[in-house]
Structure formats: structure tokens, C-alpha cells
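Just so it is clear, none of the values below were taken in a lab; they were calculated from the coordinates. Bear in mind the structure is a predicted one, so any value in this text is a computation, not a measurement. Using ideal geometry, Cβ is built from the backbone for each residue, glycine included, and neighbour counts are taken over all protein chains shown.
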Amino acid sequence: MKKIDFLKFLRDYSKENLIIVEGKKDKKIFAELEISTYAIYEIFKINIYRFREALILTDRDKKGKKIYRFLYNYLSSEGITINEKIRNSFFKFFKVTRIEELRKDIEKLKYILDYELGKIL
């Protein structure tokens, strides 16, 4: 699978599943790629029970790992399956430690996605 196929997959995945990121900046990056996400501060404001599965895309630094463990335990205890395979694939494809590192490639990724989906004339 190529990066672009993986991003298309995430777009579709986010339509029916919960994707959680750390904050506003991470959420904005995914919004630019038309991938629906929720920041941590939104989790307690939404009905999480409408989701059967979740993808937790917190950073891979010390703070991000703590947040990941908390969210994993919380969501699992509420009966939501955490998809670690997609998380691992995400970090394998993009080779970042922090989600914000995607910012440097965002224009290129948006262009390729739009081109692949026929949005560019």
C-alpha cells in the first residue's frame, strides 16, 4: 500500500470510526486532508458510544504515550475496540514522532490526494 492509498483509507475509516488526536493543530492537519478527527478535549463532549472502533493518533513522545495509554484504557473499558494495527501503519508510512511533523508535507499530500480523486482539472 502507498501513502496515498493509506490516506484515502483513513478518509473512509474516519466516516464511521473514531480517530483521536492530541490537539487543535493535529486536528487541523487532518482536516486539511479531509480526515475527520476529534481532539482529546472533545472526547468527553461527544457520544463515544456511536463508535465501535477507535484509532488513537497521539504523538510517540513521552506525553503522547501517556495520553495513548489513558485513552486506550478509557475507551476499551467502554467497549470500544482500539485499532493498534492502523496506528502502527500510520507511523510506519509517515515516519514521524509527532503528528505536527506532517505539516511540512501537507501541501504535497493534499495535491496528490486531490489529483488521485479527480478534484484537480
Helices (runs of 4 or more DSSP H) (entirely within the stretch 1-77) containing at least 2 residues that are in contact (Cβ under 8 Å) with a residue 60 or more places away in the chain = 3-16, 24-32
query = Considering the stretch 56-89 alone, what residues qualify as being among the basic types (Lys, Arg) and closer than 18 Å to TYR13 by Cα?
reply = LYS85, ARG87
message = Quick check on this structure: which one of TYR74, TYR38 is surrounded by 11 or more Cβ atoms within 10 Å (Cβ to Cβ), within 21 Å of PHE6 (Cα to Cα) and not aliphatic (A, V, I, L, M)?
response = TYR38
Unique residue being surrounded by 17 or more Cβ atoms within 10 Å (Cβ to Cβ), among the charged types (D, E, K, R) and under 23 Å from TYR115 (Cα atoms) when the list is LYS8, LYS2 = LYS8
ask   = Picking from LYS2, LYS8, LYS24, which residue would you name as being over 16 Å from ILE86 (Cβ atoms) and more than 11 Å from the chain's Cα centre (by Cα)?
value = LYS24
